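All remarks here apply to the structure that follows.
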Amino acid sequence: MSPRAPSLRFRFAIASLLWVGLGTLVAGFVISGLYGRHVTHTFVSDLANHLDELTSLTEPGPDGRPVLDRPLSDPRFQHPRSGFYWQVERGGKPMLTSASLAGHHLITARNEAPDVPIWTRDHQERLLRIDRPGAGGLLFSITASGRVLDAELRAFDSDLTLSLGAFAALMLVGAALQVRYGLRPTQRLAGWIDELRRGDRDRLPDAVPREFAGIVGRLNELIEAQAVLVARARVEAGNLGHNLRTPLALVTSEAEQLAQSGQADAAAFILDQCDRMQRQIDYQMKRAAAAGGRGTGIVADLALFTAGIVEAMRRLHAGRDVAIINAVPSRIAVPCDPGDLSEILSNLIDNACKWARETVRITARVEAAWIEIVIADDGPGIPDEARDRVLGVGVRLDETKPGTGLGLAVSRDIAGLYGGTLDLGFNEKGSGLQAIVRVPIARS
C-alpha cells in the first residue's frame, strides 16, 4: 500500500508556519538593525551636544587652571560609574574630570580627528569617545559606555521579540482561520459525495468555486457514464437470463421424454444439471436487479418498512402458526434502496418462518457507524461447519423444505453491495438460527 499523502490542511499549515516564521525572523532583524542605527546616531548626537555644553561651560580660573561654571545638564555625569564621563586635560595631564569617574581619569586619547566619534577601551570598558581641542592647549573629551547603548538595544530587542511573537501568533491564528475557510468547499464536496453514495442525490451540484468546477464536472460525467453502463449491464443480464430460459426449457423437456422412454439415469443427470443452471440464472438475475446503493433515497423508518413484509409473511405462513414479532424501533433510517432492503428482509424472514418452531423475532439497533438488523428463530439452527456452505448459491441443507437455495446467497451479496455483511449464528438462547445484517450508516 502506497503511503498516504499529507492533507491539504497539513500542507497549508506547514506553509503558513514557515512563511510567518521566516517573515517574522526577517522583520525582527530588519527592525532591530534600523533601530540600532537610529539609536547609535542619537547616542552620538547627544554626546556631541554634551561636548558643546562642556566646552561652553569651561572657563580659565585665576591660576590659569580651567574651571566649570556649573555641572552639565545630564545628571548621569554626576553618578559614579554611570557610563557617562567627561575630562579636560592639558599636555596629557587631567585638569578636570566628571564626578562619574569617581577619582579615575580617562586615558589620553590618540584621536587625531577631532569631533569624530571612535570606539576605544578604557579601564576594561568599551567607550564611545569624542575629543575636541580647545584654547590654551586644552583637550575636551566626552565618553559614553557601550554597555549603556547595549542595554537600550537589548531592552528594545526584548520588547520587539515579544511584540513580533504576539504578532506571529495572531498571524498563525488568522492563517488557520483562512485555511479553514478556504477548505470549506472541500468539506462540502465530501458531504455531497457521501450523500451521493447514500443515494440522497444523483449528481454533484454545479455551484462550486471555480477551482473545483473542473473536478466536479468530470465527476458528474463519470457518474452519468457509470449509471448508463450499469443500466445497460442490468438490461443485458436480464435479456441473457430470459434468452437462456427457452433453450433450458427445451433441454428439460427432452430430458423428461428420455425418462419416459426408459432412460431414467440419463434423464435424471440432465434434469439435475438443468436445475443447477436454472438456479444460477435466477441468482444472477436477482443480483442484476439489485440497485446496490444507486437508489434515490433512504428508507425513512425501518420499523414501518419491516411491518409490511412481516404482514405478508404472516399470510404466507399462516398454516404454520408461527408468531412473527416485529421489535424494530422506529426512526432508524437505512441507506439502502427499498427494493434491495425488501429482498434481504423477505429472504431472511421467509427462511426463519420455514424453520421456526413457534417464534420469529426481528430487531434492529444503531451501533457506532452501523445499522444492525437481527432476524432470529427458535428452529434447529445451522451447525457451525455448515454455515459457510449454506451461503453458497443453490445450497439447501434440507431438500424437503420448499425453496431454491438462493435467498441467503442473494441477501449476502446485496448487503455486500452496500459495504455490509450477513452473518449466521445461534440465537441468544443458543438454539435457533440468528441472521445478522450489518449495513454502514454512511459508506466509506
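Where a number appears in this text, it was derived from the coordinates with a stated rule and is not lab data. Computed from a predicted model, the values in this text were never measured in an experiment. With ideal geometry, Cβ positions are generated from the backbone for all residues, glycine too; neighbour counts draw on all protein chains shown.
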Can you tell me the dipole magnitude for the range 302-440 around its Cα centre, using point charges on the Cβ only (Lys, Arg +1; Asp, Glu -1), in Debye to the nearest 20?
260 debye
Over the Cα atoms of the range 98-163 the radius of gyration and the largest Cα-Cα distance (Dmax), both in Å, equal 15.2, 53
Backbone HN-Hα couplings from phi across the range 420-427 [Karplus 6.51/-1.76/1.60, Hz, Gly and Pro as x]:
x, 9, 10, 10, 10, x, 7, 6
What ranking do CYS336, CYS274 get, fewest neighbouring Cβ atoms within 10 angstrom at the top?
CYS274, CYS336
Listing SER342, SER7 by rising number of other beta-carbon atoms within 10 angstrom, fewest first, gives SER7, SER342
Label ASP265 and TYR181 with points 7 Å out from Cα along Cα→Cβ: what is the distance between them in nm?
8.7 nm
So which trypsin sites (Lys or Arg not before Pro) in the range 70-137 are both in a DSSP loop and have at most 10 other Cβ atoms within 10 Å of their Cβ?
ARG110
Footprinting proxy, ASP157, ASP131: sorted fewest to most Cβ within 10 Å, the residues are ASP157, ASP131
For the range 9-153, give the magnitude of the charge dipole about the Cα centre (Cβ charges: +1 Lys/Arg, -1 Asp/Glu; no others), in debye to the nearest 20.
720 debye
Could you work out the local net charge near VAL179, counting Lys and Arg as +1, Asp and Glu as -1, over the other residues with Cβ closer than 15 Å to its Cβ?
+3
Name the shape class, rounded, prolate or oblate, that the alpha-carbon gyration tensor gives for the range 9-153, where a ≥ b ≥ c are the square roots of its eigenvalues, rounded holds for a/c under 1.5, and otherwise prolate holds if a/b is larger than b/c and oblate otherwise.
prolate
Using θ = phi - 60° and the Karplus curve 6.51 cos²θ - 1.76 cosθ + 1.60, what whole-Hz ³J(HN,Hα) does each residue of the range 209-216 get, with Gly and Pro shown as x?
x, 4, 5, 9, 4, x, 5, 5
For the range 302-440, what is the relative contact order in percent, using Cα pairs closer than 8 Å and at least 6 residues apart in sequence?
24 percent
By its C-alpha gyration tensor, with a ≥ b ≥ c as the square roots of the eigenvalues, how is the range 90-208 shaped: rounded for a/c under 1.5, else prolate for a/b larger than b/c, else oblate?
prolate
Taking Lys and Arg as +1 and Asp and Glu as -1, residues besides PRO66 with C-beta under 15 Å from its C-beta add up to 0
